[in-house]
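Participant: One structure, pasted below without further comment.
The values are calculated or read from the model by the stated rules, or taken from the named source; none is laboratory data. All of these numbers come straight from a predicted model, not from anything done at the bench. Every residue, glycine among them, receives a Cβ derived from its backbone with ideal geometry; neighbour counts consider all protein chains shown. Ligands, DNA and RNA are stripped out before the accessible areas are found, and what is left, the full protein with its side chains, is counted by its heavy atoms. Shrake-Rupley method; radii C 1.70, N 1.55, O 1.52, S 1.80 Å.
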Amino acid sequence: MKESNTLKKIPDKERPYEKCMEAGASALSDAELLAVLLRTGSRGENVIELARRILYQSGGNGLLDLHHFSLEQFVKIRGIGKVKAVQLICILELSRRLSKATALETVSFRTPASVADYYMEDMRHESQETMKLVMINSKGKLIGENEVSKGTVNASIITPREIFVEALHRRAVAVVALHNHPSGDPTPSDDDILLTKRIQEAGSIIGVELLDHIIIGNNCYISLREEGILEKG
């Protein structure tokens with residue numbers, strides 16, 4: 001390994017590993033935390049410089065931009081091979097799961113803001129419209145979720161059977177439908193409203209209540225229940 005891509009020129013106490021051991025992980029910057037995962041830099045730059053370039057390339061927004069990267073996009077970055085790309089993808093997924101697992105302890109599936117907050121990071125970065133069905137038991141707890149549609153959320157394509165087959169299998173007593181608008185604007189379309197009413201009608205027939213249909217935008221949401229579009233059961 002050439003000295004140009006190591007940390008030998010950086011004082012011991014300023015190196016990420018040593019700094020973490022001395023002061024804890026919270027003392028590290030975003031670039032330093034990423035450098036610990038990457039371990040080595042690329043030709044002509046040390047690992048901290050590589051980490052900064054990944055975080056802020058093309059005037060990026062640091063950690064927030066990492067959510068948008070795919071494995072293929074990471075591999076295209078100079079200094080990131082397949083192994084490092086897989087490591088980065090896995091740490092992002094682990095971060096997402098940790099965040100969701102923590103939030104699940106306090107989420108209320110009868111409170112739209114709570115549900116939207118829980119699923120916001122999952123759905124607001126999607127480049128295609130995706131619909132999820134969240135299934136809830138008699139105690140108001142999450143018992144499962146199902147991706148109903150990806151690419152098109154349309155009342156003429158999605159059937160009530162597709163919506164409720166998994167809910168019946170899980171013996172859910174209530175469901176919440178969620179889908180995203182890649183444009184970032186969660187304003188419901190005519191199709192969104194029609195689909196919501198069809199889901200509610202089908203649910204009332206089989207005894208599974210549709211608690212809400214929440215549309216996720218870019219750090220914002222609209223609850224069709226709150227808007228009065230979804231009638232109270």
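Participant: Nothing charged except the Cβ atoms of Lys and Arg (+1) and of Asp and Glu (-1): what's the magnitude of the dipole of the chain about its Cα centre? Round to the nearest 20 debye.
Facilitator: So the magnitude is around 940 debye.
Participant: Looking at the stretch 59-152, I'd like the Rg to Rh ratio, where Rg is from alpha-carbon atoms and Rh is Kirkwood's inverse mean 1/r.
Facilitator: 1.04
Participant: When the accessible area of the stretch 155-196 is split by element with a 1.4 Å probe, what percent falls to carbon and sulfur?
Facilitator: Ligands and nucleic acids excluded, carbon and sulfur give 54 percent.
Participant: Right, another one. Kindly work out what percent of the DSSP beta bridges joining two residues of the chain are antiparallel, to the nearest 5.
Facilitator: Given both bridge residues lie in the chain, the antiparallel proportion sits at roughly 70 percent.
Participant: For the pairs Lys84/Lys141; Lys82/Lys132; Lys19/Lys76; Lys139/Lys197; Lys76/Lys132, flag any whose C-alpha to C-alpha distance is greater than 28 Å.
Facilitator: Those over the limit are Lys84/Lys141; Lys82/Lys132; Lys19/Lys76; Lys76/Lys132.
Participant: Now for a separate question. Tell me the volume per residue, in Å³, of the convex hull enclosing the alpha carbons of the chain.
Facilitator: 144
Participant: For the stretch 51-98, with only Lys/Arg (+1) and Asp/Glu (-1) charged at the beta-carbon, what is the dipole magnitude about the Cα centre, in debye rounded to 20?
Facilitator: Computed about the Cα centre, the dipole is about 160 debye.
Participant: A further question on this structure: Please compute the length gained on full extension between Asn219 and Glu49, using 0.36 nm multiplied by the number of residues separating them and subtracting their Cα-Cα distance.
Facilitator: 58.2 nm
Participant: OK, next. Per residue, how much accessible surface does the stretch 68-213 expose to a 1.4 Å probe? Answer in Å², no decimals.
Facilitator: On the way: 7850 Å² over 146 residues.
Counting only protein heavy atoms, the per-residue value for the stretch 68-213 is 54 Å².
Participant: Once the cut-off is 15 Å, how many percent of the Cα-Cα pairs in the stretch 181-233 end up in the long-distance tail? Before the final figure, lay out the partial values.
Facilitator: Values: 617 of 1378 pairs.
Summing the P(r) of the stretch 181-233 above 15 Å gives 45 percent of all pairs.
Participant: Continuing with this model, one more query. Quick test of the membrane-span-like rule: which DSSP H helices of the chain reach at least 24 Å along their long axis (C-alpha atoms) with mean Kyte hydropathy at least 0.5?
Facilitator: 82-104
Participant: If you don't mind, another one. For a test of the definition: using alpha carbon positions, the gyration tensor, and the 1.5 limit on a/c, classify the stretch 102-233 as rounded, prolate or oblate.
Facilitator: The shape class here is rounded.
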